[in-house]
1. Would you mention how many residues in region 80-100 are under 28 Å from residue 170 (Cα atoms) and at pLDDT below 70?
2. Any idea which of (1) without any contact (Cβ under 8 Å) to a residue 60 or more places away in the chain; (2) in contact with a helix residue (DSSP H, G or I) (Cβ under 8 Å, 6 or more places away or on another chain); (3) assigned to a helix (DSSP H, G or I); (4) not polar (S, T, N, Q) is the one residue 208 doesn't satisfy?
3. Would you mind telling me which numbered condition in (1) touching a residue at least 40 places away in the same chain (Cβ under 8 Å); (2) out of contact with any Ser or Thr (no Cβ under 8 Å at 6 or more places or on another chain); (3) not acidic (Asp, Glu) residue 143 fails?
4. For the structure I just gave you, tell me whether residue 142 is under 23 Å from residue 41 (Cα atoms) and either surrounded by 14 or more Cβ atoms within 10 Å (Cβ to Cβ) or out of contact with any strand residue (DSSP E or B) (no Cβ under 6 Å at 6 or more places or on another chain) (or both).
5. Just to be sure before I move on: is residue 110 hydroxyl-bearing (Ser, Thr, Tyr), modelled with pLDDT under 85 and in contact with a Ser or Thr (Cβ under 6 Å, 6 or more places away or on another chain) in the structure I sent?
6. Could you list all residues from region 160-208 that are within 17 Å of residue 123 (Cβ to Cβ) and acidic (Asp, Glu)?
7. If you go through region 125-138 one residue at a time, do you hit one that is at pLDDT 90 or above, under 15 Å from residue 209 (Cβ atoms) and crowded, with 18+ Cβ neighbours inside 10 Å?
8. For the structure I just gave you, tell me whether residue 190 is small (Gly, Ala, Ser), in the same structural domain as residue 119 (by TED's automatic domain parsing), modelled with pLDDT under 85 and at negative phi.
Amino acid sequence: MTTVLKSLFIMISLSISRSDYVLYEVKAYNSHERALLYALQLRVPLITFLNGVSNEAAIPMDVIVNREISHMFEGSLRALDIQWNRVSQITSNDINQKLNTVSPNNISDSFYNWDDILNWIETKKHKKYKKIVVAKTYEKRDIFFLKLEIHRKNPTVFIVGGEDGMDWISSAVILNLLNDLLEGINELKSLLNHFNFYLLPILNPDGFAYSKSQVCEL
């Protein structure tokens, strides 16, 4: 972790939280910049990325920052050479309304945390689509696969991801595949006439949740 981020974490720990916030628009243009923003998202409770950190270059990300640390946040972004724009100052009522209106519907533009993934899965509707829980983890999270079966006699494609807690990419790929199949994107819908799909996006939910938590050491 960079010296700039370590300094920011120390200063934040000395700050007093208040009810005013600042809304920013932040962009990352490469994997290094995204990694730095991930560190902020995971480690700093007073900084909230409303839709997570985008895994696509130059996609604007809305970030809410406690006003007490806004100058430190801006200074850190300057030092890290990350592009940002201060949009407005908002109150605690504004932030609650904004957070309540954010819904995880677009799985393609960020790596979701465990709860957001569960919420997103519940939004997907299809008469042949079913979530099946096969086990519980030590921390009582569900291990499940997503069944998409159109014709029972079709051959089955079984895909597993998220075996390692830090493997966010395979889980995201599987969820994007599911979304494309259900929405008929990129002509993938025709595959459902020939194959059934059993998708297990996160085999290690506890490790995944831990890797996305604030206590995870990067």
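The values are calculated or read from the model by the stated rules, or taken from the named source; none is laboratory data. Since this is a predicted model, take the numbers as computed values, not measurements. Neighbour counts run over all protein chains shown; Cβ positions are idealised from the backbone, glycine included.
1. Selection size over region 80-100: 1.
2. (1)
3. Just one mismatch for residue 143, condition (2).
4. Working: under 23 Å from residue 41 (Cα atoms): no; either surrounded by 14 or more Cβ atoms within 10 Å (Cβ to Cβ) or out of contact with any strand residue (DSSP E or B) (no Cβ under 6 Å at 6 or more places or on another chain) (or both): yes.
No: the conditions fail for residue 142.
5. On the way: hydroxyl-bearing (Ser, Thr, Tyr): yes; modelled with pLDDT under 85: yes; in contact with a Ser or Thr (Cβ under 6 Å, 6 or more places away or on another chain): yes.
When the stated conditions are applied, residue 110 passes them.
6. Listed by number, the residues that qualify are 180, 183.
7. Step one: of region 125-138, the residues at pLDDT 90 or above are 130-138.
The next check asks that each one be under 15 Å from residue 209 (Cβ atoms); those that pass are 136-138.
When the remaining residues are screened for being crowded, with 18+ Cβ neighbours inside 10 Å, the result is none.
Scanning region 125-138, I find no residue that is at pLDDT 90 or above, under 15 Å from residue 209 (Cβ atoms) and crowded, with 18+ Cβ neighbours inside 10 Å, so the answer is no.
8. On the way: small (Gly, Ala, Ser): yes; in the same structural domain as residue 119 (by TED's automatic domain parsing): yes; modelled with pLDDT under 85: yes; at negative phi: yes.
Considered against the rule, which asks whether it is small (Gly, Ala, Ser), in the same structural domain as residue 119 (by TED's automatic domain parsing), modelled with pLDDT under 85 and at negative phi, residue 190 comes out as yes.
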